[in-house]
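Data block below; observations after.
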Amino acid sequence: MIDLDGLDGFTIEVPSWAYGNSGTRFKVFTRPGGPRNPYEKLADAAQVNRLTGLANRVSLHIPWDLVDDWSDLKAHADKLGVKIGAINSNVFQDDDYRLGSLCNPDPAIRRKAIDHHKQCLDVMRQTGSTDLKIWLPDGLNYAGQDSLRGRQDRLAEALREIYDASDDDHRILLEYKFFEPYFYSTDIPDWGTSLLHCLALGERATVVLDTGHHAPGTNIEFIVMQLIRQGRLGAFDFNSRYYADDDLIVGSADPFQLFRIMSEIVAADAHRPESGVNFMLDQCHNIEEKIPGQIVSVLNVEQALAKALQVDKAALAAAQREGDVLGAHRVLMDAYETDVRGALADRREARGLPRDPVKAFQDSGYAQTAATERVGGTQASWGA
Ligand code: LRH
Ligand code: MN
């Protein structure tokens, strides 16, 4: 009997930038009907929630999603049935940040970067968002280029000022990444460095685990377990990759890894809303249709969680206790091999949602309408 009760209240936050044009340094592909502003990005994101019932929050990126009237954008989101989620700072597209932002040797540049984060805190106050997500591109390309220790001290000082400027209901989500855009060192390269800064800051500072930000071969579910054990797993940036930070559809490259990650989540009951873990996507749909790509993504996460909920916890604990190596492994594999797709479609139907949300979107004609209506203006592009 497939038990899906654990899915109750589980939601996923989708990124506004996944609906705009994106690509690589070689090419950013465009398509008719792409969103031209945050209003249209929210409208597209709301389609994912309408058809899956899973994605009721949308992350914004500053300045990509800057608007004149935040309360008007919030009202627009409310009408669409979605909430403004995490606010993402951006210190990776300004010439001033060539040698870093919060870690820059120049105090004036650090000041500029700190003020940008304070601007993001104001956006949170005006949109009802409570998560400030900080990913810093900061790093070095050549050994000796700057003091590794000095940069950490500057970073700690700057994060302290941002943390102290935030409100009691705000969380700081500090993201790490092992390389890119710099190639010798990164100032927040791993979960340990992010965790150390979070522990130094205070209870409201937690770690963001982007599944594309690890060295090949990293056991990511171990990191998930350890961050939960420390009470500092704040959020996921879900995506998948074959080589580097590919930002592909979560679960498309390694569905078994996603299942193992969700198994650690279920083992700690961290899938429950009260855990405070923000399950977010951070992806770019460079060649595939954006909205169907996002629908498939949230369904992949839901499916991985549904499989993880099938793990026979008692049998697994008994086999582990008895040192029954294969027995324990096979308990987990039985859950992974459980086909939950029919039960999930039944669950959607029982909630008045389409059995196949991707087909329902294609049948809705939404993309065609957008292509005819969204004429003129400049399509939103990753980076612009
Ligand atoms: C950096 C990152 C970060 C976002 C950006 C869109 O690679 O993962 O989370 O700011 O992608
Ligand atoms: Mn990310």
* Quick one: of the DSSP bridges fully inside the chain, what percent are antiparallel, nearest 5? -> 10
* **Radius 11 Å from Cβ of Asp245, net charge of other residues (Lys, Arg +1; Asp, Glu -1)** => -4
* Structure fact -> Cα-based Rg then Dmax for region 1-70, in Å, read 15.3, 52
* Structure fact -> Percent relative contact order for the chain, counting Cα pairs under 8 Å at least six residues apart, stands at 21
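Which value, in Å², gives the accessible area per residue of region 208-310 when a 1.4 Å probe is used on the protein heavy atoms?
33
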* To do: Would you mind calculating the relative contact order of region 172-307 from Cα pairs under 8 angstrom and at least 6 residues apart, reporting the percent as a whole number?
  => 21
* Asked: Quick one: which of Lys74/Lys118; Lys41/Lys79; Lys177/Lys307; Lys41/Lys177; Lys27/Lys74 span more than 24 angstrom between C-alpha atoms?
  -> Lys177/Lys307; Lys41/Lys177; Lys27/Lys74
* Expected 222 nm ellipticity per residue - DSSP helices of 4 or more, -39500 (n - 2.57), all of the chain, to 500 -> -13500 deg cm²/dmol
* Accessible surface ranking that places the most exposed of Leu140, Leu316 first, with a 1.4 angstrom probe -> Leu316, Leu140
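Please report the projected area of region 266-330's Cα convex hull averaged over all directions, in nm².
Value for region 266-330: 6.2 nm².
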* Accessible heavy-atom area order of Thr372, Thr211, Thr11, highest first, probe of 1.4 Å -> Thr372, Thr11, Thr211
* Inverting the mean 1/r over all pairs of different Cα atoms, compute the Kirkwood radius of region 9-310 and quote it in Å. => 19.5
* When the solvent-accessible surface of protein heavy atoms is calculated with a 1.4 angstrom probe, in what order do Met333, Met262 fall, highest first? -> Met333, Met262
* Any chance you could look up the accessible area of Glu322 with a 1.4 Å probe, heavy atoms only, rounded to 10 Å²? => 130
* Asked: Evaluated at 37 °C with a viscosity of 0.692 mPa s, what Stokes-Einstein diffusion coefficient in µm²/s does region 241-366 have when Rh comes from the Kirkwood expression over alpha-carbon pairs?
  -> 202
* **Surface share of carbon and sulfur [accessible, 1.4 angstrom probe, percent] for the chain** => 53
* To do: Grab the alpha carbons of region 140-252, take their convex hull, and tell me the volume per residue in Å³.
  => 110
* Probe 1.4 Å - accessible area at His197, Å² to nearest ten -> 20
* With all protein chains present, calculate the accessible area of Arg355 using a 1.4 Å probe and round the result to the nearest 10 Å². => 100
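The values are calculated or read from the model by the stated rules, or taken from the named source; none is laboratory data. Bear in mind the structure is a predicted one, so any value in this text is a computation, not a measurement. In this analysis, Cβ positions are derived from the backbone assuming ideal geometry, glycine residues included, and neighbour counts consider all displayed protein chains. What goes into the accessible areas is simple: the full protein's heavy atoms, side chains included, and nothing from ligands, DNA or RNA. Shrake-Rupley method; radii C 1.70, N 1.55, O 1.52, S 1.80 Å.
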